[in-house]
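So the structure is just underneath, and the comments pick up after that.
The values are calculated or read from the model by the stated rules, or taken from the named source; none is laboratory data. Note that the structure is a prediction, hence the values are computed from the model and not measured. Here the Cβ positions follow ideal geometry from the backbone for every residue, glycine too, while neighbour counts run over all protein chains shown.
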């Protein structure tokens with residue numbers, strides 16, 4: 001499932017992934033949306049579903065966002081890992 005989620009007035013194309021345990025934002029979108037990123041003291045290895053697809057998560061951020069549907073608006077503030085993700089600006093697990 002994918003939809004648009006708003007950060008600082010900008011629309012992020014988000015993947016809702018029930019099999020993921022992480023919430024992520026791409027570095028490019030985090031920079032464009034002017035999200036305050038910080039370096040993690042203990043980088044985390046990101047293991048994807050295919051062999052050899054690993055990278056380190058070195059940065060994170062806490063950001064407010066909102067998701068609008070035809071019936072309601074959901075607003076929240078959460079922690080996100082900053083990670084290189086393909087095709088999407090954000091991944092929500």
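Say we look at the range 21-34 and pick out the residues that are touching a residue at least 40 places away in the same chain (Cβ under 8 Å) and surrounded by 14 or more Cβ atoms within 10 Å (Cβ to Cβ); which of these is nearest to residue 86 (Cα to Cα)? Among residues in the range 21-34 that are touching a residue at least 40 places away in the same chain (Cβ under 8 Å) and surrounded by 14 or more Cβ atoms within 10 Å (Cβ to Cβ), the one nearest to residue 86 (Cα to Cα) is 26.
Residue-by-condition table, conditions (1) loosely packed, with under 10 Cβ neighbours inside 10 Å; (2) at positive phi; (3) without any contact (Cβ under 8 Å) to a residue 40 or more places away in the chain; (4) in a loop (DSSP other than H, G, I, E, B):
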position	(1), (2), (3), (4)
6	no, no, no, no
12	no, no, no, no
19	yes, no, no, yes
39	yes, no, yes, no
44	no, no, yes, no
56	no, no, yes, no
59	no, no, yes, no
62	no, no, yes, no
65	no, no, no, no
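Can you tell which of 29, 80 is under 15 Å from the mean Cα position of the chain (by Cα) and assigned to a helix (DSSP H, G or I)?
Result: 29 is the single residue among 29, 80 that is under 15 Å from the mean Cα position of the chain (by Cα) and assigned to a helix (DSSP H, G or I).
One residue is enough: does the range 44-59 have a residue meeting the conditions at pLDDT 90 or above and within 15 Å of the chain's Cα centre (by Cα)? Looking through the range 44-59, at least one residue is at pLDDT 90 or above and within 15 Å of the chain's Cα centre (by Cα).
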